[in-house]
Amino acid sequence: MIGALKRFFAPAEAAIVEATPADAADIAALHAVSFRRGWSEDEVETLLIDRTVLAHRARLGRQFAGFILSRRAADEAEILSVAIDPRRRGRGIAGRMLDLHLRRLAGLAIRTVFLEVDEANESARRLYARAGFTEVGRRAGYYPKPDGGTSAAMVLRRDL
């Protein structure tokens, strides 16, 4: 009985699947609250219909919880964006989504994955470090900060 109650009250596991153009509005809305310059629904839809773009999305029940998008070129890919709903962070969704995404890229014969991350984004840096990404470069003054300053973009790489 106690086991049944624990399962009933346990947080739901996120369902992670490939995103489609039908997810464009949810992705655009989450991108807008996650980054200083959000993407419009049309921009997201354009990415989602591009055959070189791979996208996954996560849902907790009916609630949109996160997304990841990357673009492929030859045997390389660049992760364009990752975001988790602020109310859903800290539940391991980003790690599971990134792992699935990287496995899918490997299945598509991608050998190397790159991304850029704000050096001030500690949680994202920890996520990528746990996933095996290492710093291969920096772009000074890349990201604007609310106080008018800037922070560097760290260029990260992982071989699959």
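Before we move on, is Ala106 closer than 21 Å to Val17 by Cα and in contact with a helix residue (DSSP H, G or I) (Cβ under 7 Å, 6 or more places away or on another chain)? Before the answer, list the steps.
On the way: closer than 21 Å to Val17 by Cα: yes; in contact with a helix residue (DSSP H, G or I) (Cβ under 7 Å, 6 or more places away or on another chain): no.
Taking the combined requirement at face value, the residue does not satisfy it.
Looking only at residues in the stretch 58-79 that are of a type outside the set (D, E, K, R) and surrounded by fewer than 16 Cβ atoms within 10 Å (Cβ to Cβ), which one is modelled with the lowest pLDDT? Working first, answer last.
Pass one, the stretch 58-79, residues of a type outside the set (D, E, K, R): 58, 60-61, 63-70, 73-74, 77, 79.
Add one more test, that the residue is surrounded by fewer than 16 Cβ atoms within 10 Å (Cβ to Cβ), and what stays is 61, 63, 73-74.
Values: Gly61: 89, Gln63: 93, Ala73: 97, Ala74: 96.
Filtering the stretch 58-79 for residues that are of a type outside the set (D, E, K, R) and surrounded by fewer than 16 Cβ atoms within 10 Å (Cβ to Cβ), the one modelled with the lowest pLDDT comes out as Gly61.
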Legend entry - Residues of the stretch 80-98 classified as small (Gly, Ala, Ser) and at pLDDT 95 or above, total: 4
Legend entry - Filtered residue count, the stretch 94-106, keeping only those that are small (Gly, Ala, Ser) and surrounded by fewer than 19 Cβ atoms within 10 Å (Cβ to Cβ): 2
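From the list Ala10, Ala14, exactly one residue is under 19 Å from Gly92 (Cα atoms), buried (at least 19 other Cβ atoms within 10 Å of the Cβ) and at pLDDT below 95. Which is it?
Values: Ala10 fails: buried (at least 19 other Cβ atoms within 10 Å of the Cβ).
The conditions single out Ala14.
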Inset, instruction - Answer yes or no as to whether Arg91 is among the charged types (D, E, K, R), surrounded by fewer than 14 Cβ atoms within 10 Å (Cβ to Cβ), outside any strand (DSSP E or B) and over 13 Å from the mean Cα position of the chain (by Cα). - result: no
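Which ones in the stretch 34-57 are over 23 Å from Leu108 (Cα atoms), part of a helix (DSSP H, G or I) and at pLDDT 95 or above?
Start the filter on the stretch 34-57 by keeping residues that are over 23 Å from Leu108 (Cα atoms), which leaves 34-43.
Narrowing further to those that are part of a helix (DSSP H, G or I): 34, 41-43.
Scanning the stretch 34-57 gives Glu41, Asp42, Glu43.
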Inset, instruction - Pairs only if they're at least six apart or on different chains, beta carbon under 8 angstrom, first in the stretch 104-115 and at pLDDT 95 or above, second among the basic types (Lys, Arg); list them, first residue then second. - result: Leu105/Arg72; Leu108/Arg72; Ile110/Arg72; Thr112/Arg157; Thr112/Arg158; Val113/Arg157; Val113/Arg158; Phe114/Arg157
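The values are calculated or read from the model by the stated rules, or taken from the named source; none is laboratory data. Keep in mind it's a predicted model, so treat the numbers as computed, not measured. Counting neighbours? That spans all protein chains shown, and the Cβs are built from the backbone with ideal geometry, glycine included.
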